[in-house]
1. Inspect all residues belonging to segment 29-43 and state whether any of them is under 19 Å from residue 180 (Cβ atoms) and in a loop (DSSP other than H, G, I, E, B).
2. When segment 148-165 is examined, which residues are found to be under 15 Å from residue 112 (Cα atoms) and not hydrophobic (A, V, I, L, M, F, W, C)?
3. Search segment 92-116 for residues that are on the phi < 0 side of the Ramachandran plot and pair each with any residue that is modelled with pLDDT under 95 when their beta-carbon atoms are under 8 Å apart and the residues are at least 6 apart or on different chains.
4. Scanning for something open to solvent by 70 Å² or more (accessible area, probe 1.4 Å), in a loop (DSSP other than H, G, I, E, B) and within 19 Å of residue 133 (Cα to Cα), does segment 3-25 turn up at least one residue?
5. Restricting attention to segment 140-168, and to residues there that are part of a strand (DSSP E or B) and loosely packed, with under 13 Cβ neighbours inside 10 Å, which single residue is farthest from the chain's Cα centre (by Cα)?
Amino acid sequence: MSKTALLLVDIQNDYFPGGDWELHQMDQAALNAASLLAGARGGGQMVVHIRHENPTAEAPFFRPGSTGAEIHDAVAPTTGEVVLTKARPNSFLDTGLLELLQGAGIEAVIICGAMSQMCVDATTRAARDFGFEVTVAEDACAARAMSFGGVEISAEQVHAAFMAPLAMGYANVVATAEILKA
């Protein structure tokens, strides 16, 4: 059994075109995530789907029970794959993810999903802090444009601004094709 698990973080309908919180190039990120998922299934890796659900119906997206909070069909779970629900950016917080991975003898995780600047970042940092070898499939992640202090930041800049520090000290940040050829 493989000692590596694939974590698919928040690849949910609200992030896609027509959803309540559309991300830049989410369709392409999901295609890359689907390739990773096929590779993980074919290679006998543990697959963990993580979905975010906001605690109130007044939330701007991922409202409880909504279609937008459902995992997108591109990476739909199959029988035997774990689905964890979280309410905070860190996928380890109050989800049982750490115990699940440790119980399966997992030593390394591959992370993909959304948003680069929130849940992917928080989950990657936590995974590394818990001692896992971490790989982030950067082209299987998506970001959203932001603004701060009157400065507009494009989605591409937000993505790069988060991937760079992750690559510096938390993870091997590479393209999907590099992961699949390994």
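1. Scanning segment 29-43 turns up at least one residue that is under 19 Å from residue 180 (Cβ atoms) and in a loop (DSSP other than H, G, I, E, B).
2. Within segment 148-165, just 159 meets the criteria.
3. Listed pairs, sorted by first residue: 104/1.
4. yes
5. That would be 151.
The values are calculated or read from the model by the stated rules, or taken from the named source; none is laboratory data. Just so it is clear, the model here is predicted, and its values are computed rather than measured. Note that we place each Cβ from the backbone using ideal geometry, even for glycine, and neighbour counts take in every protein chain shown. Ligands, DNA and RNA are stripped out before the accessible areas are found, and what is left, the full protein with its side chains, is counted by its heavy atoms. Shrake-Rupley method; radii C 1.70, N 1.55, O 1.52, S 1.80 Å.
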